[in-house]
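Structure first, then comments.
The values are calculated or read from the model by the stated rules, or taken from the named source; none is laboratory data. In this text, all values refer to a predicted model and were calculated from it rather than measured experimentally. So basically every Cβ, Gly included, is an ideal-geometry build from the backbone, and we count neighbours across all protein chains shown.
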Amino acid sequence: MEEQGGRVVGRKKIAIFLGDCFWSSTPYDGIPLYNFLKNHYSVDFLMFESDIRLNKVFNSSEKFNFDTKKFKNLSNLKKIKNWDDLYNVSLNYSLIITSSRIAPKTRFPFKSKKFRSLTECPIAVWDIGGADILTDAVQFADYFFVKGPIWKKWMIKMGYDEKTIFITGSPHYDKYLEEYETHAIEKVLNRQQFNEKYDLKYEKRILLAPSNPASHTKQFNESMNSLETMVRLCEKNNIELLLKTYPHDYIFYDNEIPYSGIYKRKYTNKPQYQYIADMFPTIKIVESQDHFAAVKHVDKIYNMAGSSIAWETFFTNSVSYSTNFKKQKYYKKLSYLPEYIEFPDEEMNIHVDNCEQIIKGAYNINKDLCSNFILKNFILKEISIFNIFEAVKQILNGH
């Protein structure tokens, strides 16, 4: 192996890069993929030195948790200071893999929408839970690992080269699959553990999902008007009522600085989960890292603001209900995406008029209609890191 102009030549060395966006519901993002790929390649793990995942000091009052040592002790952790550092270190790699959400909008690394390259080497992005893979925020990428067949079809229609798009599933959905447990850094709580942690006494339970505490404020406020009825009915019918707010909500009190991964969307002068809990003390707050356990171990989700959390019920027995989603401008479509792109909000939500119908609801929903939207092989319990590995092999071998 030799070096030319600072670049390692003749080596299939790759890197996982976390970017400037921390998602508290997936605090160990990237590590399972790194651990799997390093069995086959020389792999580095790139993080900004200011990242919350390296620097967080917990004071026991937070409603989220993770162990910084899981990152600090990675064998090939490489710390960088800024975006220029990323560009410079990329000289050493054949490929860098990162999330489709690399930074908050307010700290995006480019001043214009016509991007220069983030890296000297090619860069591949894995899909997360939302629609980010379709937005212009991924124009820096050369390759795309998407959730399911329809995403590839859409991207081809949008002008992307078919050879650059791989149907892999999403690492953010792997935690719903049993096979993921052997690769997981932390285990998803089983039902008994979930019951014990949140002191759940009743078998029936509903999860409130208010979603983004700022962007969907109007819809959330409309739904809040009926929440008192929901609380009363749950108490009357021996139903546990839990609350899981937007991941950004949980880092409300952390310092929002560049390269920390922290980005806030404030609703009031306190976290949204606390705002609701203060109004309704019987509601139990689910910690952010228990997001996947909550979706798995509840019967129903009250999708208060049209969140894509409904899509995740594809993997579970839980059912998503919404009361005023259909009239929203982001229902099924986003105005900044082509008209032919239509999300399965109709298929994955049961639309009702009020909370009473959610309590009584036992409606059928055909989740199989979502199988083109989310990788069909997930039904066969195939996790995304296997598919990403196969895609990386093709990329490094020039397809």
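Within segment 47-69, how many residues are among the hydroxyl-bearing types (Ser, Thr, Tyr) and modelled with pLDDT of 95 or more? Before you say what the answer is, go through the steps one by one.
The initial filter retains those residues of segment 47-69 that are among the hydroxyl-bearing types (Ser, Thr, Tyr), namely 50, 60-61, 68.
Filter once more, so that each one left must be modelled with pLDDT of 95 or more: 50, 68.
Residues meeting the conditions: 2.
For segment 129-163, a tally of residues being at pLDDT 90 or above and either touching a His at 6+ places or on another chain (Cβ under 9 Å) or of a type in the set (D, E, K, R) (or both) returns 9. Take the conditions (1) out of contact with any Lys or Arg (no Cβ under 7 Å at 6 or more places or on another chain); (2) crowded, with 20+ Cβ neighbours inside 10 Å; (3) assigned to a helix (DSSP H, G or I); GLN193 misses just one of them, which is (2). Please state which one of ILE150, ILE128, ILE102, ILE133 is of a type in the set (A, V, I, L, M), buried (at least 19 other Cβ atoms within 10 Å of the Cβ), under 26 Å from ASN317 (Cβ atoms) and under 17 Å from the mean Cα position of the chain (by Cα). Only one candidate qualifies: ILE128. Picking from residues in segment 47-70 that are aliphatic (A, V, I, L, M) and over 19 Å from the mean Cα position of the chain (by Cα), the one that is farthest from GLY19 (Cα to Cα) is VAL57.
When segment 42-55 is filtered for residues that are touching a helix residue (DSSP H, G or I) at 6+ places or on another chain (Cβ under 8 Å) and either part of a helix (DSSP H, G or I) or within 16 Å of ASN387 (Cβ to Cβ) (or both), the ones remaining, listed by number, are ILE52, ARG53, LEU54.
I'd like to know if segment 247-269 contains one or more residues that are at pLDDT below 95, over 22 Å from the mean Cα position of the chain (by Cα) and either crowded, with 17+ Cβ neighbours inside 10 Å or not aliphatic (A, V, I, L, M) (or both). Yes, some residue in segment 247-269 is at pLDDT below 95, over 22 Å from the mean Cα position of the chain (by Cα) and either crowded, with 17+ Cβ neighbours inside 10 Å or not aliphatic (A, V, I, L, M) (or both).
Taking strands (runs of 3 or more DSSP E) as the structural unit, those lying wholly within segment 119-178 and holding at least 2 residues that are farther than 28 Å from VAL298 by Cβ and aliphatic (A, V, I, L, M) correspond to 123-126, 165-167. Tallying residues that are in contact with a Ser or Thr (Cβ under 6 Å, 6 or more places away or on another chain), among the aromatic types (Phe, Trp, Tyr) and within 14 Å of ASN65 (Cα to Cα) within segment 235-265 yields 1.
Residues in segment 133-164 that are in contact (Cβ under 8 Å) with a residue 24 or more places away in the chain and of a type in the set (Lys, Arg): LYS147, LYS157, LYS163.
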